[in-house]
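S.K.: Have a look at this one before I ask anything.
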Amino acid sequence: MADIRDDRSECLHYDNPDFHVQFRKNKIYADDILDDISIHWHDEVEFIYVTKGSIRYQMQDKIVQIKAGEGIFVNSRQLHLIVSDHSEVTLYCLIFHPMILCSSNYVAEKFVSPIVCNDGICYIMLSHNVAWQGKMLRDIERIQGVIGTETEELGTMRIIYGIWETLSSNIVQYSADSNLVNHDLVIIKEMISYIQKHYTERVTIKQLCEVGWIGKTKCTSLFDRYVNMTPMQYVKNYRIERSIKLLRETDKRITDIAYEVGFSEGSYFSESFRQAMGCSPQQFRLMDKKR
């Protein structure tokens, strides 16, 4: 399960703590239950390349579909989430911290900062139909060939530098009202952080509005834009996310877990859990133990 902090930032755990690159070839089956049911962000940049099936990917306030042969570049510190498309999917996922590209201040200022610090570049869809994007997708897949070799880290870095060179040479500089984007992101992160800290208590829209210093309409609009749900739906989903940890790691009764994560009734918790996860809390616990 992902290690998500209270501000919705993800703490990535690398195979080698001294080499901040994570590369995976993942398979998602049609009936898989995705652990991450709430949106998150991280300082690292992320590349996804789907080779079979399709996924829906939520980026900030948009949901895009990525089909086989397509991919996406997700910039640093952008709210995002993979949403199950209920199909069997094979994909490559490459995540790395931008600092590994910064061999000098000159390189950082000329080739790295203009991309990762550009608030107008949230994500870029990648397709084989565009020559330079197709090259990036093929390079992502090539990393699989160096995994496990004696020079794995050097081979991986060589390919990553090539990917970044292609991106840097071809990226479109989008125009955006950065101040407005930043301000709205600060507000939504503050409200989400409040929910993380107080989910065991009664949380109301009025409280969230006071945290963000905004009105109810603005509050609802920001949640709809960035997390694709109402504020109260987000509260409920986060409580369910926390309940999953308790179902996995403890033998507590379902009713006790419901109260511990902020639900006022055990029956409402079970109903909400089933709607979100496709099974009851008890069924989830049994299935998880069999894995």
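S.K.: Please find, within the range 48-68, the residue that is farthest from the chain's Cα centre (by Cα) out of those that are within 18 Å of residue 94 (Cα to Cα) and among the charged types (D, E, K, R).
M.R.: Residue satisfying both the conditions and the ranking: 52.
S.K.: How many residues are in contact with an Asp or Glu (Cβ under 6 Å, 6 or more places away or on another chain) and not in a loop (DSSP other than H, G, I, E, B) if we restrict to the range 65-91?
M.R.: Of the residues in that region, 1 qualify.
S.K.: Between a first residue in the range 213-239 that is without any contact (Cβ under 8 Å) to a residue 60 or more places away in the chain and a second residue that is among the small types (Gly, Ala, Ser), which pairs have beta carbons less than 7 Å apart while being 6 or more apart in sequence or on different chains?
M.R.: Between residues of the range 213-239 that are without any contact (Cβ under 8 Å) to a residue 60 or more places away in the chain and residues that are among the small types (Gly, Ala, Ser), the close pairs are 219/212; 236/272; 239/262.
S.K.: Okay, moving on. So which of 166, 200 ends up being in contact with a Lys or Arg (Cβ under 9 Å, 6 or more places away or on another chain), within 23 Å of residue 93 (Cβ to Cβ) and at pLDDT 90 or above? Please lay out each step first, then the result.
M.R.: Working: 200 fails: within 23 Å of residue 93 (Cβ to Cβ).
Being in contact with a Lys or Arg (Cβ under 9 Å, 6 or more places away or on another chain), within 23 Å of residue 93 (Cβ to Cβ) and at pLDDT 90 or above holds for just one of 166, 200, which is 166.
S.K.: Hey, could you check the range 235-264 for residues that are closer than 25 Å to residue 83 by Cα and loosely packed, with under 15 Cβ neighbours inside 10 Å and say which is farthest from the chain's Cα centre (by Cα)?
M.R.: 249
S.K.: Here's something else I'd like to know. In the range 189-215, what residues are under 19 Å from residue 40 (Cβ atoms), among the charged types (D, E, K, R) and surrounded by fewer than 17 Cβ atoms within 10 Å (Cβ to Cβ)?
M.R.: The answer is 190, 197.
S.K.: Is there a residue in the range 33-44 that is buried (at least 16 other Cβ atoms within 10 Å of the Cβ), touching a Ser or Thr at 6+ places or on another chain (Cβ under 6 Å), modelled with pLDDT of 70 or more and not in a loop (DSSP other than H, G, I, E, B)?
M.R.: Checked against the condition, which is being buried (at least 16 other Cβ atoms within 10 Å of the Cβ), touching a Ser or Thr at 6+ places or on another chain (Cβ under 6 Å), modelled with pLDDT of 70 or more and not in a loop (DSSP other than H, G, I, E, B), the range 33-44 yields at least one hit.
S.K.: Here is a further query. Restricting to the range 58-75, count the residues that are out of contact with any His (no Cβ under 7 Å at 6 or more places or on another chain) and surrounded by 19 or more Cβ atoms within 10 Å (Cβ to Cβ). Steps first, answer last, please.
M.R.: To start, the set of residues in the range 58-75 that are out of contact with any His (no Cβ under 7 Å at 6 or more places or on another chain) comprises 60-68, 70-73, 75.
With surrounded by 19 or more Cβ atoms within 10 Å (Cβ to Cβ) added as a condition, the list becomes 60, 66, 70-73, 75.
Residues meeting the conditions: 7.
S.K.: Still on this model: Please go through the range 215-234 and give me each residue that is over 22 Å from the mean Cα position of the chain (by Cα) and under 25 Å from residue 63 (Cα atoms), ordered by number. Let's see the steps before the verdict.
M.R.: Taking the range 215-234 first, the residues over 22 Å from the mean Cα position of the chain (by Cα) are 215-218.
Within the range 215-234, 216, 217, 218 meet the criteria.
S.K.: Just to be sure before I move on: is residue 143 in contact with a helix residue (DSSP H, G or I) (Cβ under 6 Å, 6 or more places away or on another chain) and at pLDDT 95 or above in the structure I sent? Talk me through it step by step, then tell me what you get.
M.R.: Numbers: in contact with a helix residue (DSSP H, G or I) (Cβ under 6 Å, 6 or more places away or on another chain): yes; at pLDDT 95 or above: yes.
Criteria met by residue 143.
S.K.: Something else: Given the conditions (1) under 22 Å from residue 40 (Cα atoms); (2) modelled with pLDDT of 90 or more; (3) out of contact with any Gly (no Cβ under 7 Å at 6 or more places or on another chain); (4) of a type outside the set (Asp, Glu), which single one is not true for residue 239?
M.R.: Only one criterion in (1) under 22 Å from residue 40 (Cα atoms); (2) modelled with pLDDT of 90 or more; (3) out of contact with any Gly (no Cβ under 7 Å at 6 or more places or on another chain); (4) of a type outside the set (Asp, Glu) is unmet by residue 239, namely (3).
S.K.: Okay, next question. Those residues that are crowded, with 21+ Cβ neighbours inside 10 Å and modelled with pLDDT under 85, I need them from the range 45-57; list them, please.
M.R.: 57, the sole residue that qualifies.
S.K.: Moving on to the next point. Report the residue count in the range 278-291 for those that are part of a helix (DSSP H, G or I) and either surrounded by fewer than 18 Cβ atoms within 10 Å (Cβ to Cβ) or not assigned by TED's automatic domain parsing to the domain that holds residue 197 (or both). So that I can check it myself, show each step before the final result.
M.R.: Pass one, the range 278-291, residues part of a helix (DSSP H, G or I): 281-290.
Still in the running and either surrounded by fewer than 18 Cβ atoms within 10 Å (Cβ to Cβ) or not assigned by TED's automatic domain parsing to the domain that holds residue 197 (or both): 282-283, 286-290.
Going through the range 278-291 one residue at a time, the tally reaches 7.
S.K.: In the range 75-107, how many are at pLDDT 85 or above, touching a Ser or Thr at 6+ places or on another chain (Cβ under 7 Å) and either polar (S, T, N, Q) or in the same structural domain as residue 188 (by TED's automatic domain parsing) (or both)?
M.R.: 1
S.K.: Among 81, 101, 91, which is buried (at least 18 other Cβ atoms within 10 Å of the Cβ), among the hydrophobic types (A, V, I, L, M, F, W, C) and under 17 Å from residue 158 (Cβ atoms)?
M.R.: Working: 81 fails: under 17 Å from residue 158 (Cβ atoms); 91 fails: under 17 Å from residue 158 (Cβ atoms).
The match here is 101.
S.K.: Every residue in the range 217-236 that is farther than 19 Å from residue 78 by Cα and modelled with pLDDT under 90, please.
M.R.: Quick first cut of the range 217-236, residues farther than 19 Å from residue 78 by Cα only: 217-220, 230-233, 235-236.
Hit for the range 217-236 is 218, nothing else.
S.K.: Kindly evaluate residue 267 against the criterion of being surrounded by 13 or more Cβ atoms within 10 Å (Cβ to Cβ) and either at pLDDT below 95 or at negative phi (or both).
M.R.: Details: surrounded by 13 or more Cβ atoms within 10 Å (Cβ to Cβ): no; either at pLDDT below 95 or at negative phi (or both): yes.
The answer is no for residue 267.
The values are calculated or read from the model by the stated rules, or taken from the named source; none is laboratory data. Quantities reported herein were computed from a predicted structural model and do not represent experimental measurements. Neighbour counts are summed over all protein chains in view; Cβ atoms, including those assigned to glycine, are modelled from backbone coordinates with ideal geometry.
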